[in-house]
Amino acid sequence: MQELDGLDRRRWMQRALALAPGAWVARDAWSQPVLAGDPFNLGVASGSPTPESVVLWTRLHDTNWLGTRRLPAGPVTVRWELADDESFRKLRRKGEAQAVPELDHSVHVEVQGLHPDRWYHYRFMVGGPRNDWVSATGRTRTLPAPGSPVARLRLAYASCQRWEHGFYAAWRHLVSDQPDLVLFLGDYIYEYPGATGAVRAPSGAWVLTLDEYRARYALHKSDADLRAAHACAPWLVTWDDHEVQNDYAGLAPGDSGPEVPDFGRRRAAAYQAYYENMPLAASALTRGRVGLLAGDEMRLYRSVSLGALGEIQLLDMRQHRDQQVCTQGGKRGSSMVDPAKCPDWHDPQRTMLGAAQERWLTQRLQVPSGPWQLIAQQTLFGRRDSRSGSGVSLWNDGWDGYGPARQRIVDAMAERRDRTTHVVLGGDVHENWVGHVLSQYGQARGESVAVEFCGTSITSRAGGAARVATRLEANPHYVFADGDRRGYGLVDLTPQRLRTQLRAVGDATLRDTGVSTLASFEVAAGRPRLERI
Ligand code: FE
Ligand code: CA
């Protein structure tokens, strides 16, 4: 992994960012490399929108996905434009950004001073005076300003796109569904080696180093359907474990794959590659360093305004969590646990979010900013007992393994139930689960304080699809579950109602598969009750 000790925050900010919304520079001042092929073949993306700003992303890349790189060793000047219209006649902003090799020639332009609640088009250009290369055009939008009226907003949520488990037809259908905002809730890549039985070209060996993480992202972005999904709307992104390693917790590694001598270093490499490949603002790099050092953190959690409709709280449940307890066989990572046999299960000190993020969230949940509070997080939120005989069997890597921390969040939601309806969105389990979040679990009469939509995967196979029906029966606060179908969810929000459609592709192992709606649910504002429609 690359480390640039001497490059301090100020110098890096100057190099990578200061040019963002600036004036035109003289043409002879540009870095004008001769590029052998289209450097924009990883596409464009936008994200982290606010009412007045959005991040525009691209990454210059060689056409040879996994082979030798032919990009220049130094920085490359990339020009960008943002306009009202697709033909760029009504230009709103333009400028230059430096694609530096320290960030793998990625570009993160933070366009400020935009109108709230409005769509824009953007593109990038690189090369000589005649702009030898022009990127695909992306569409993006700002969010409504806090408190301003919004008739309707459509959000899509998705997670878990394991490369060799399928094609990205789900992304193609999501583009046709025209979301205003895409929430990606984790497992953008998997660090696993290509599996036997892969439905498309295997992704390679175990991913351990910065260059290997970078190559894995490039492989994913070689898929035209994924690129189209990035180009169709702004994304809000968070990660789960596989962006680093299965089942890791904070600075504790999981137990899959080869051991590395310094897990903090591996995590930093993975985090840096994540930043390089996602439409994140530079403020996500809290240390302001280009080459992240072992143990360096990134800031992903944040509140997002949906105008008078309310807010989204986007969470990070990997970076700051305590390690899983009572994993069987004294191993690291996750397993099913009977709480009665685990002395640490109810330890109130343990957190999923870390103290600072948990404090932030519980405060934020009590600010009634509108009828809806969406909590965009990584996994199943409610309790899911998977017992097969007597005794309770809970998964220690999910919220069930962090029960007291979950209870503190549930209590915060319950306190403002009269003013705002909380809706938890999730992923990770590769199955659709829809249910009520209870004021207390394990009690006979917990009442509903929120609703939950935990989404299936884009492609990743479900391990426990055969057990879904029995699990649903054993956990009656869930009203729907399905482990057979891959896809994504659509949430239509109005001031009065929320409607969620579970969109399912026919067969994710086929590139041209169709899509249908597996089930739809409505929730009335002010009443955390699911109605199937
Ligand atoms: Fe996954
Ligand atoms: Ca895992």
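The values are calculated or read from the model by the stated rules, or taken from the named source; none is laboratory data. The model shown is predicted, which means the values in this text are computed figures rather than measured ones. Don't worry about glycine lacking a Cβ; one is built from the backbone with ideal geometry, like all the others, and counts go over all protein chains shown.
Report whether or not Glu259 is more than 16 Å from ligand 1 (Cβ to nearest atom), touching a strand residue (DSSP E or B) at 6+ places or on another chain (Cβ under 9 Å) and either part of a helix (DSSP H, G or I) or over 26 Å from Leu425 (Cα atoms) (or both). No; evaluated as a whole, the condition is false for this residue. For the range 322-364, a tally of residues being part of a helix (DSSP H, G or I) and not charged (D, E, K, R) returns 12. Inclusion of Arg130 among residues that are more than 28 Å from Leu210 (Cα to Cα), modelled with pLDDT of 90 or more and either assigned to a strand (DSSP E or B) or not small (Gly, Ala, Ser) (or both) is not warranted. The set of residues in the range 378-395 being touching a strand residue (DSSP E or B) at 6+ places or on another chain (Cβ under 6 Å) and more than 23 Å from Val449 (Cα to Cα) consists of Ser393 alone.
Whether any residue in the range 282-301 is in a loop (DSSP other than H, G, I, E, B) and within 16 Å of ligand 1 (Cβ to nearest atom) is what I want to check. No, because not a single residue in the range 282-301 is in a loop (DSSP other than H, G, I, E, B) and within 16 Å of ligand 1 (Cβ to nearest atom).
Among the residues of the range 295-315, those that are in contact with a Leu (Cβ under 9 Å, 6 or more places away or on another chain) and aliphatic (A, V, I, L, M) comprise Met298, Leu300, Val304, Leu306, Leu309, Ile312, Leu314, Leu315. In the range 375-417, the qualifying residues are those that are basic (Lys, Arg) and assigned to a loop (DSSP other than H, G, I, E, B), and the one that is surrounded by the most Cβ atoms within 10 Å (Cβ to Cβ) is Arg384. So, Glu81, is that one modelled with pLDDT under 95 and of a type in the set (Asp, Glu) or not? Judged against the criteria, Glu81 is not a match. Checking each residue in the range 232-251 for being buried (at least 20 other Cβ atoms within 10 Å of the Cβ) and either small (Gly, Ala, Ser) or more than 16 Å from ligand 2 (Cβ to nearest atom) (or both) picks out Cys232, Ala233, Pro234, Trp235, Leu236, Val237, Ala249.
Pairs linking a residue in the range 463-480 that is within 16 Å of Ser393 (Cβ to Cβ) to a residue that is exposed (fewer than 13 other Cβ atoms within 10 Å of the Cβ) and polar (S, T, N, Q), with Cβ atoms under 9 Å and 6 or more positions apart or on different chains, are Arg467/Ser388; Thr470/Ser388. If only residues of the range 429-462 that are small (Gly, Ala, Ser) and surrounded by 23 or more Cβ atoms within 10 Å (Cβ to Cβ) are counted, the one that is nearest to Thr517 (Cα to Cα) is Gly455. Being part of a helix (DSSP H, G or I) and within 16 Å of ligand 1 (Cβ to nearest atom) holds for only one residue in His220, His242, and it is His220.
Out of all the residues in the range 348-359, is one or more surrounded by fewer than 22 Cβ atoms within 10 Å (Cβ to Cβ), in contact (Cβ under 8 Å) with a residue 40 or more places away in the chain and of a type in the set (A, V, I, L, M, F, W, C)? No, the range 348-359 has no match at all.
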